[in-house]
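Okay, so here's the structure we're looking at.
Laboratory data are not the source of any read-out in this text; all were calculated from the coordinates shown. Keep in mind the model is a prediction, meaning the values are calculated, not measured. All Cβ positions, glycine included, derive from the backbone under ideal geometry; neighbour counts span all protein chains shown.
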Amino acid sequence: MAEPGPLRQLFRSAWWVVLNLVGLVLVGQWLWEVVQGLQPLLLVAAGLVLVLSALVVWQRWRWR
């Protein structure tokens, strides 16, 4: 069987690159939607970490 020509190889590789870019865009959009949905939870978690850190600092300062 004959090897595919250079033009056909170029077309295949270009098609593969386009498919990968489309896949990356779709995954990126999905991740962005997930992060947007989790935003309130992330804000609550960040606030909790801030409060706990302040409590630890206050306890250490108090026990000096």
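Could you list all residues from region 1-12 that are surrounded by 10 or more Cβ atoms within 10 Å (Cβ to Cβ) and in a helix (DSSP H, G or I)? Passing the criteria: ARG8, GLN9, LEU10, PHE11, ARG12. Would you mind stating whether GLU33 is free of Cβ contacts under 8 Å to residues at least 40 places away in the same chain, part of a helix (DSSP H, G or I) and acidic (Asp, Glu)? Yes: the conditions hold for GLU33.
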